[in-house]
Amino acid sequence: MHKNSQNFQNKITITTDDPFNFKFNKEHGHIQGIQLHKESGTDYLYMTRSSPEASYMIKTKLEGTKATVVAIDTLMLAPYKHPGGFQIFEDYLAVGIEDDDMRNTSRVTVYNLKNEGNPWETPLHIIKRDGKYERVTAGCVGMTRVGKNILIVVGNWHSRDLDFYVCPMDKFKKGENGFQLIQSINMAQVSKEGWSDPTWRGYQNINLFSEGKDNLYLVGFDGNGTDLYEFKITKASLDATKKPSSNSIQIKKLSSVLFKPSGNASFGSGAGIFSSPKGEMMLFAAPSDVGGESTISVFSKDYKK
């Protein structure tokens, strides 16, 4: 993606249908994030949705250019009613769920989508975040694999800070308590030297992906565009038994790209990236809600190194 980022030439408009006609509170809450997941040859789009009563996960079946709601599940009840931007890596989904009123507590939950029955009832992992106002919220979460570890990055209120957590892969898959904070970064204090431009935004969604062993990237979604960052992690910092470091992770902004979603879709409502093992890459922009005239925009290209 860092080369020829503008070459997302294929734009697809997906209509949405909600046969459940679920009565979301239209004035309070909206879709917060969107991710594609392939299950037994069928494509599904997952979307988080906030509300005054609870946090929800919407699952839609994608057939051609139509996404039909097949399930609406409750993640947590108030005060954890604001599920933010999230990411699916392989068959695992990580999302931050916060109290957006008091703004002093959140839970980062990881689910195994292959769990039989209702995967939302029993998270594989829960990272508890409690503390100062707006510091420990979890408005956006990214997840990927780094070596023999799973890496989760959490952005707090307006993504002012990034918190990096790692868990050994063997513990991660077993659901054993292994996530440790390895570094926290206040983005206002980061040197912008060498950046394509000095702007760090209040991202609604952040997603992670990798190219090869050491090339790690973060995509931030805000408004009508995306920002691409490269980050490097020292091998020593992946040792979760050590205390958090102050300089083990370096971030550099590479580029910014503007897009024009169709209909009422917006990267500011909910957005996400999908990168397949075969080299396909897609960006998704979601509407505030599904059903009616709401549409999802997809920008795609063949991703060849």
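From helices alone, the chain scores -500 deg cm²/dmol at 222 nm; the rule is -39500 (n - 2.57) for each run of n ≥ 4 DSSP H residues, then divide by the residue total. Shown for K252, K81, K66: other C-beta atoms within 10 Å of each C-beta, ranked fewest to most, produce the order K66, K252, K81.
Coupling constants for the stretch 23-30 follow from the phi torsions by the Karplus curve (6.51 cos²θ - 1.76 cosθ + 1.60, θ = phi - 60°), and in residue order they are 8, 6, 6, 5, 8, 10, x, 6 Hz; glycine and proline get x.
Going from the residue with the fewest nearby Cβ atoms within 10 Å to the one with the most, T60, T122, T74 rank T122, T74, T60. For the stretch 9-52 versus the stretch 110-127, the inter-centroid distance based on Cα atoms is 19 Å. Within straight-line reach of K278, meaning a Cα separation under 12 Å, sit the following aspartates and glutamates at least 8 residues removed in sequence or on another chain: D302.
Listing Y80, Y111 from fewest to most neighbouring C-beta atoms within 10 Å gives Y80, Y111.
Taking θ as phi - 60° and the Karplus parameters 6.51, -1.76 and 1.60, the scalar couplings of the stretch 189-203 work out to 9, 6, 5, 9, 5, x, 6, 5, 7, x, 8, 10, 9, x, 5 Hz in sequence order, x denoting glycine and proline. Exceedance of the 24 Å cut-off in Cα-Cα distance is limited, within the set K38/K174; K59/K114; K23/K114; K26/K253; K192/K260; K81/K232, to K23/K114; K26/K253; K192/K260; K81/K232. The stretch 134-189 and the stretch 259-288 have their alpha-carbon centroids 22 Å apart.
Rounded, prolate or oblate, given the Cα gyration tensor of the stretch 10-302, with a/c below 1.5 counting as rounded?
Working: a/c = 1.43, a/b = 1.28, b/c = 1.12.
Judged from the Cα gyration tensor, the stretch 10-302 comes out rounded (a/c under 1.5).
Excluding same-chain neighbours fewer than eight residues apart, the aspartates and glutamates reachable from K61 by a Cα-Cα span under 19 Å are D17, D18, E39, D43, D73, E90, D91, E116, D289, E293.
Coordinate-derived values only; no laboratory data. Just so it is clear, the structure is predicted and the values come from calculations on it, not from any experiment. Using ideal geometry, Cβ is built from the backbone for each residue, glycine included, and neighbour counts are taken over all protein chains shown.
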